[in-house]
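So the structure is just underneath, and the comments pick up after that.
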């Protein structure tokens, strides 16, 4: 795909975080008991088709530990997003702290062979306070 210096940001290609859900895992299940399910859409309002080929997530926890996740495709796919359409999916981050911030980017190629990058906007994952009964 080329080096990051050869990447372009394609006007009209953008990411939205459509929804974020919290789910507590069983306490004995993991040292990371907090699961956040996120719903993402990658919108292609540019005039050219784009194929997503990879992703990079950076998750910064409240204790200043950072997790970087890189890989091929998006949820096991390399979707082709035609002009005027979007690709939507959901996945999750599992954390062991009460808060964390996630951000990153998707890497792809347009139909002219140019390497493109689209940023994932930062979003905060915060464990809700337990309701008092």
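Table for the structure above
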item	result
Size-normalised alpha-carbon gyration radius of region 68-113, reference 2.2 N^0.38 Å	1.47
Convex hull volume per residue for region 23-72, taking Cα atoms only, in Å³	123 Å³
Rel. contact order, % - alpha carbon contacts under 8 angstrom, at least six apart, the chain	30 percent
Compactness of the chain, expressed as Rg and Dmax over alpha-carbon positions, Å	16.5, 60
Computed over region 46-89, the ratio Rg/Rh where both radii use C-alpha atoms and Rh is Kirkwood	1.14
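No value in this document is a laboratory result; all are computed from the given coordinates. Note that the structure is predicted; figures quoted are calculated from it, not measured.
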